[in-house]
1. With respect to Leu20, determine if the residue is out of contact with any helix residue (DSSP H, G or I) (no Cβ under 7 Å at 6 or more places or on another chain) and hydrophobic (A, V, I, L, M, F, W, C).
2. Identify, please: which residue in the range 1-22 is in contact with a Leu (Cβ under 8 Å, 6 or more places away or on another chain) and surrounded by fewer than 17 Cβ atoms within 10 Å (Cβ to Cβ) and is, among those, modelled with the highest pLDDT?
3. Going through the range 23-61 one residue at a time, which ones are surrounded by 12 or more Cβ atoms within 10 Å (Cβ to Cβ), in a helix (DSSP H, G or I) and over 11 Å from the mean Cα position of the chain (by Cα)?
Amino acid sequence: MNIPAPTLNLGQFACRGFTLERDNNHILLLLHDGELITRFWPTQASYQSIHNECSRHLALKHGWDGCLWSRKDGRTN
């Protein structure tokens, strides 16, 4: 079951391909373009913990520099 991004505050990370789903055990799954990134127990899933995992994944796996918007030179990460 997909959970709407605004409900769980994915913010700009929703535009970058992140989604949240619940499995049958009520565990929250963080996915990036369909790939499982991490699992959260409902009590662990906070705005900050979800954003931290999104940032960490983008930096480690995709070389992201932390910029959420387009740069003046037209590049985005």
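1. So Leu20 does not fit the description; no.
2. Result: Glu21.
3. Ala59
The values are calculated or read from the model by the stated rules, or taken from the named source; none is laboratory data. As the structure is a prediction and not an experimental result, all values here were calculated from the model. For neighbour counting, all protein chains shown are included, and Cβ atoms are generated from backbone atoms with ideal geometry for every residue, glycine included.
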